[in-house]
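Below you'll find the structure, written out as structure tokens, and then a few comments.
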Amino acid sequence: MRPAVRLAAVVACLVLGVGLLGGAAAGSWLTGETDDEPGAGAAFRAAGELWHSVPVDRLFPRRLRGADAGPGGADRVWTRIAVAPDSGCKGAFDPLLARVLSPTGCKRLLRATYVDATTSSVTTVGLVVTKADADGMRTLRQRFAKENLDRRSDLMPRPYAAKGTAAEGFGDPQRATWTVRVLTDAPAVVYAVTGFADGRAVDAPAPAEEAAAAGATSTPGQAGLGHDARGVVDRIERGFRKAAAEAVKEPT
């Protein structure tokens with residue numbers, strides 16, 4: 001092969017490879033299938049600004065529908081009953097969880113509380129918008145995975161117990177199950193904590209993945225509360241990613 005032809009072939013391969021990589025990175029953000037991309041681009045930055053540019057009804061819809069999200073594949077519906085004023089993170093978490101999250105900083109904390117269709121369970125879902133870059137978020141996620149921090153009951157998030165609602169008696173002793181997710185393609189930590197709406201205390205809380213597992217025998221598992229925590233946080237996280245992706249597409 002002549003040198004000129006060989007050079008042209010190499011250049012074509014490089015262009016094709018870059019195009020495929022770029023498409024894969026964009027696809028991973030839109031689908032949320034991969035959290036290991038660098039994430040330092042426009043989508044990452046857009047996610048960090050959503051808290052003051054997207055309406056609350058978009059981040060925390062008034063109603064969440066979960067097809068097959070309940071025990072045995074039952075459909076679930078959750079209705080928003082309260083939205084906390086956006087704030088910083090001071091006093092919002094137990095001291096130990098606050099210490100674990102501190103390396104990434106806290107730009108803003110957004111929270112809402114939902115009740116299930118039977119008004120038997122209440123779930124607070126939160127979005128911690130951090131000050132960290134993608135490396136900082138990856139470091140935090142790796143620590144959670146390595147040390148199983150998402151399964152420690154001393155690292156449960158606190159609920160938002162709004163007065164005059166079904167969640168008024170949802171305090172720290174009522175926490176039954178929870179989930180904490182550290183994102184790496186966005187500067188955010190998404191969490192949910194669920195309890196009984198009747199205000200009963202729970203002596204042995206269980207992480208949502210355990211409580212939602214088939215055959216779970218814990219009190220939260222028997223009551224299906226793990227499905228509530230997981231179902232609510234799934235939909236809030238999905239909506240957050242979608243809003244960020246659409247913000248990138250908007251003309252400047």
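Throughout, read-outs are computed from the coordinates displayed, never taken from laboratory work. All of these numbers come straight from a predicted model, not from anything done at the bench. All Cβ positions, glycine included, derive from the backbone under ideal geometry; neighbour counts span all protein chains shown.
In the structure displayed, which of K131/K249; K163/K242; K146/K242; K131/K163; K90/K249 lie more than 25 Å apart, Cα to Cα?
The pairs that break the limit, which is 25 Å between Cα atoms, are K163/K242; K146/K242; K131/K163; K90/K249.
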Among 181-188, 94-101, 137-144, 218-225, how do they line up from the highest to the lowest mean number of other beta-carbon atoms within 10 Å? 181-188, 218-225, 137-144, 94-101
In nm, what is the difference between 0.36 nm times the number of residues separating S87 and R152 and their Cα-Cα distance? 20.9 nm
Paramagnetic label zone (point 7 Å from Cα along Cα-to-C-beta, V56; backbone N under 20 Å) in segment 97-134: 107-116, 122-130
Considering only C-alpha atoms, what is the centroid distance from segment 90-105 to segment 130-192, in Å? 10 Å
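Cut-off is 10 Å between beta-carbons; in what order do V56, V128 appear when sorted fewest neighbours first? Each step should come with its number before you reach the end.
Working: V56 14, V128 25.
Ordered from fewest to most neighbouring Cβ atoms within 10 Å, V56, V128 come out as V56, V128.
Taking 0.36 nm per residue of sequence separation and subtracting the Cα-Cα distance, how much length would be gained by fully extending the chain between K242 and R181, in nm to one decimal?
Working: separation 61, 0.36 × 61 = 21.96 nm, distance 1.67 nm.
So the chain would gain 20.3 nm between K242 and R181.
When the dipole is taken about the Cα centre of segment 73-119, and only Lys, Arg (+1) and Asp, Glu (-1) are charged at their Cβ, what size is it in debye, to the nearest 20? Could you put the intermediate results ahead of the total?
Details: 7 positive and 4 negative charges, 51 e Å.
With Lys and Arg at +1 and Asp and Glu at -1, about 240 debye.
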Which of Y191, G215, T165 sits farthest toward the positive end of the charge dipole of segment 39-249, with +1 on the Cβ of Lys and Arg and -1 on the Cβ of Asp and Glu? Y191
